[in-house]
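Asks: Dropping the structure in here first, questions after.
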Amino acid sequence: MNAVVEVTGLSKRFKDVVALDDVSLSLHENTIHGLLGRNGAGKTTLMQLLTGQDFPPHGTVRVFGQHPVENAAVLRRICFIKESQKYPENFTAGHVLRSASWFYEGWDQGFADQLVREFRLPLKREIKKLSRGQLSAVGVIVGLAARAPLTFFDEPYLGLDAVARQLFYDRLLEDYAEHPRTVVLSTHLIDEVANLLERVILIDQGRILIDDEAENARRAATTVAGRADAVDAFAAGREVLHRSGLGGLSAVTVRGQLSDQDRAAADAAGLDLSPVSLQDLVVRTTSGTDRKEVA
Amino acid sequence: MDEGKPIFVQIAEQIENDIISGALPEEGQVPSTNEFAAFHRINPATAGKGVNRLVDAGVLYKRRGIGMFVAEGARARLIEGRRERFQDEYLGPLLAEAAKLGIDRQQLITMLEKGKNA
Amino acid sequence: MTAAAASLSTAQSARRPSRVLGVVRLHLVDGWNYVFVPWLVTGAALLISIVIAIIIARASGGSAVGADGFTEGVQFSGAGQAMFWYLGVIAIQTINLALPFALGLSVTRREFLLGTGAVFLGISLINSALYTVLGGLEELTGGWWVGTRMFTSLMLHDVDPLGRFVFFTCLHLVVFTFGAAMASVFFRWKAMGTTITIIALAFLLVGLAALVTFTDGWAGIGDWLAGSGTVGIGLWTLPLTALCSLATWALLSRATPKG
């Protein structure tokens, strides 16, 4: 496994807010990573530090083995697509795509043209006159057609409708299969992308909670449901991520994979075991307990 | 795609089903990993894992430069494997559920007869 | 060396299109900003000057026209200024918008500043050359046949073409770099920082003026200005240009695109 990005002990604070707290991780070459977490968890800050747009005060960041800041050799192989991208006054969508073609060596104009047709992007319209969806499409098209060896998508689909989003996922997968590269998708829409991801990185309040293969992350928890007393007995001694109850019944999400004996024990106690989707896992790991008691 | 089994296992099982049903004949070519990935909308690496699982089990084999093919005798082997698991995966739960509901052996046999003709 | 770093150096040794050149193209891809509008502004200003001169000449029954054929009263035409204000605004917008855009395309700050500096310099030289030529035409046609001055007004009346060229170039450069510097202050320190900087600059200017007043230096300054001549004054703006360029570079080298 080649690590194209290696981060150790990275910390960053803005005034009195800790954005990143001793973060260490690595991004694997030619892998699609999901960077998940709530708003303000530190995803964008992390990506800004990895792409040389921000300066790491503590810790080290190595991209392609070097510091990314002001490093043209490294930066020319990175594409960072973010929602809040600013564009020069009076630029049209066409101008943006043309400009991008000058800076990304792997730029595929044919692919870009195809995407423009599929996303129905009006090339002659000025950026400031584009709808939210069209603006997102611009970012997405640049990110895909650039074929940069390391590509970050920071929630670039916020403006896209469901059809356009699916189009993005499909094209991303297709192109990634033909031209493998390292991709990082930062998103809230976890269920939509869950099947695309090979690795999952979950960040919460500046700390890494999960950094694992998607498959393992998916099986990292199980929901146990049934009569409240039986559930509590089963859950005793295990790490509980989430608990909810209704009357005499309760459902508890416990961390860790259950062994065959555990499953047998659950069965015997009349408990139902069900898997936890990646989205639920992320939600339950990053929020607190939720009790709904009905007398 | 259900949440229970890992995706690559589901892919493998789907291919197995297609082989058993004859949709994928022996010595016939199987879609490429990228095609599977695009069709199911999953990561190519995951699709690859599923395919490799079957290669390791001797169900599929690779012809260099051409693609993946169904191994000779794969169908028969798969069916035999499934038969062995039939008892645990289907009969076991059926009998347990019947016991829960108080359905005795005679009633079960009657139901089976009826079911066969349905 | 890791495989990733190794592949990086082989990539470096291959020939690559210049990214600084890419930045230059970025500024010019939409010709309006640096080329069309400034000249539209200049053209409009010239037209207006001509019309005003005609009006004055008519109104005065021809008496306003001096012995050299130029109408009095339009010697002070500030019409030539118009373009410079616009270019200042362009410089500000470049830092505000083109810079974050370039950073978004993975361009380094250094590449951006080099490319932008090249564009500033190029535009300055080309514009100044054209202004000089137009000034020559102005003299030849006796003020565009109506006695108005725009490219050879007051300060430039007696200056030879080369001097005019140097003066215009210096003026372009100081306008560009000052606009860029102010915009960089805003980029780095936002509204609060910009306000503080402007106040600090105002204090500085007032302080200097007070100093000159207390040392009775105004006469001396007047003499010096007259002595330097127009071209000399132009050249004296170069230190300011250099200072602004340095400030821009210093401010941006630690600036992060926010939002």
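Asks: Evaluate the following for A:G42: is it in contact (Cβ under 8 Å) with a residue 60 or more places away in the chain and either more than 9 Å from chain C (Cβ to nearest Cβ) or closer than 27 Å to C:V37 by Cα (or both)? Can you show your working first?
Replies: Details: in contact (Cβ under 8 Å) with a residue 60 or more places away in the chain: yes; either more than 9 Å from chain C (Cβ to nearest Cβ) or closer than 27 Å to C:V37 by Cα (or both): yes.
Spelling it out, A:G42 is indeed in contact (Cβ under 8 Å) with a residue 60 or more places away in the chain and either more than 9 Å from chain C (Cβ to nearest Cβ) or closer than 27 Å to C:V37 by Cα (or both).
Asks: Now a separate question. I'd like to check something: does segment C:51-67 contain any residue that is assigned to a helix (DSSP H, G or I), crowded, with 19+ Cβ neighbours inside 10 Å and modelled with pLDDT of 85 or more? Can you show your working first?
Replies: To start, the set of residues in segment C:51-67 that are assigned to a helix (DSSP H, G or I) comprises C:51-59.
After this cut, where a residue has to be crowded, with 19+ Cβ neighbours inside 10 Å as well, the list is C:53, C:57.
With modelled with pLDDT of 85 or more added as a condition, the list becomes none.
The answer is no, given that none of the residues of segment C:51-67 is assigned to a helix (DSSP H, G or I), crowded, with 19+ Cβ neighbours inside 10 Å and modelled with pLDDT of 85 or more.
Asks: Output the number of the condition that C:I196 fails; it satisfies all remaining conditions of (1) without any contact (Cβ under 8 Å) to a residue 12 or more places away in the chain; (2) closer than 29 Å to C:G143 by Cβ.
Replies: Here C:I196 meets the rest and fails (2).
Asks: Before we move on, is C:L103 surrounded by 17 or more Cβ atoms within 10 Å (Cβ to Cβ) and over 14 Å from the mean Cα position of the chain (by Cα)? Break it down into steps so the answer makes sense when it comes.
Replies: On the way: surrounded by 17 or more Cβ atoms within 10 Å (Cβ to Cβ): yes; over 14 Å from the mean Cα position of the chain (by Cα): yes.
Yes, satisfied.
Asks: Tell me, which residue of segment A:1-30 that is touching a residue at least 60 places away in the same chain (Cβ under 8 Å) and of a type in the set (A, V, I, L, M) is nearest to the other protein chains (Cβ to nearest Cβ)?
Replies: So the residue we want is A:V4.
Asks: Can you name the residue in segment B:64-111 that is surrounded by fewer than 10 Cβ atoms within 10 Å (Cβ to Cβ) and aliphatic (A, V, I, L, M) and is also farthest from B:G48 (Cα to Cα) among such residues?
Replies: B:L101
Asks: Output yes when any residue across segment A:172-188 is surrounded by fewer than 20 Cβ atoms within 10 Å (Cβ to Cβ), touching a Leu at 6+ places or on another chain (Cβ under 9 Å) and in a helix (DSSP H, G or I), and no when none is.
Replies: Yes - at least one qualifying residue is present in segment A:172-188.
Asks: Can you work out which of the residues in segment A:83-104 that are more than 7 Å from chain C (Cβ to nearest Cβ) and not polar (S, T, N, Q) is nearest to C:R109 (Cα to Cα)?
Replies: A:Y104
Asks: Residue under question is C:A191, and the condition is that it be closer than 21 Å to C:R254 by Cβ and touching a helix residue (DSSP H, G or I) at 6+ places or on another chain (Cβ under 6 Å); does it hold? Don't jump to the end; show me each part of the working.
Replies: Numbers: closer than 21 Å to C:R254 by Cβ: yes; touching a helix residue (DSSP H, G or I) at 6+ places or on another chain (Cβ under 6 Å): no.
Spelling it out, it is not the case that C:A191 is closer than 21 Å to C:R254 by Cβ and touching a helix residue (DSSP H, G or I) at 6+ places or on another chain (Cβ under 6 Å).
Asks: Mind checking which residues of segment B:15-56 are of a type in the set (G, A, S), more than 23 Å from A:M1 (Cβ to Cβ), out of contact with any Lys or Arg (no Cβ under 8 Å at 6 or more places or on another chain) and in contact (Cβ under 8 Å) with a residue 24 or more places away in the chain? Explain how you work it out, then say what you get.
Replies: Going residue by residue through segment B:15-56, those that are of a type in the set (G, A, S) are B:21-23, B:28, B:32, B:37-38, B:45, B:47-48, B:50.
Imposing the further condition that a residue be more than 23 Å from A:M1 (Cβ to Cβ) reduces the set to B:21-23, B:28, B:32, B:38.
Then drop every residue that is not out of contact with any Lys or Arg (no Cβ under 8 Å at 6 or more places or on another chain), which leaves B:21, B:23, B:28, B:32, B:38.
Across segment B:15-56, the qualifying residues are B:G28, B:S32.
Asks: How many of the residues in segment B:50-73 are out of contact with any helix residue (DSSP H, G or I) (no Cβ under 6 Å at 6 or more places or on another chain) and part of a helix (DSSP H, G or I)?
Replies: 3
Asks: While we're on this one: Out of everything in segment B:37-63 that is among the polar types (S, T, N, Q) and within 13 Å of B:V9 (Cβ to Cβ), what residue ends up being surrounded by the fewest Cβ atoms within 10 Å (Cβ to Cβ)? Before the answer, list the steps.
Replies: We begin by selecting, within segment B:37-63, every residue among the polar types (S, T, N, Q); these are B:43, B:46, B:52.
From what's left, within 13 Å of B:V9 (Cβ to Cβ): B:46, B:52.
Working: B:T46: 26, B:N52: 16.
Applying the filter and picking the extreme gives B:N52.
Asks: Would you say C:L208 is modelled with pLDDT of 85 or more, out of contact with any His (no Cβ under 9 Å at 6 or more places or on another chain) and in a helix (DSSP H, G or I)?
Replies: It is true that C:L208 is modelled with pLDDT of 85 or more, out of contact with any His (no Cβ under 9 Å at 6 or more places or on another chain) and in a helix (DSSP H, G or I).
Asks: Among (1) out of contact with any helix residue (DSSP H, G or I) (no Cβ under 6 Å at 6 or more places or on another chain); (2) at negative phi; (3) modelled with pLDDT of 85 or more, there is one condition A:D260 misses while meeting the rest; what is its number?
Replies: (3)
Asks: Which ones in segment A:59-80 are of a type in the set (D, E, K, R) and more than 7 Å from chain C (Cβ to nearest Cβ)?
Replies: A:R62, A:R77
Asks: Report yes if A:L167 is crowded, with 21+ Cβ neighbours inside 10 Å and within 14 Å of chain B (Cβ to nearest Cβ), otherwise no. Even if it seems obvious, please write down each step before you answer.
Replies: On the way: crowded, with 21+ Cβ neighbours inside 10 Å: no; within 14 Å of chain B (Cβ to nearest Cβ): yes.
It is false that A:L167 is crowded, with 21+ Cβ neighbours inside 10 Å and within 14 Å of chain B (Cβ to nearest Cβ).
Asks: So, one more: Here is a check on your reading of the model: is A:F152 part of a strand (DSSP E or B), in the same structural domain as A:W107 (by TED's automatic domain parsing), among the aromatic types (F, W, Y) and in contact with a helix residue (DSSP H, G or I) (Cβ under 7 Å, 6 or more places away or on another chain)? Please lay out each step first, then the result.
Replies: On the way: part of a strand (DSSP E or B): yes; in the same structural domain as A:W107 (by TED's automatic domain parsing): yes; among the aromatic types (F, W, Y): yes; in contact with a helix residue (DSSP H, G or I) (Cβ under 7 Å, 6 or more places away or on another chain): yes.
Taking the combined requirement at face value, the residue satisfies it.
Asks: For segment B:19-69, give me each residue that is within 14 Å of another protein chain (Cβ to nearest Cβ) and farther than 17 Å from B:I7 by Cβ.
Replies: B:S32
The values are calculated or read from the model by the stated rules, or taken from the named source; none is laboratory data. Computed from a prediction, not measured in an experiment: that's the story for all the values here. Virtual Cβ from ideal backbone geometry, glycine too; neighbours counted across all protein chains shown.
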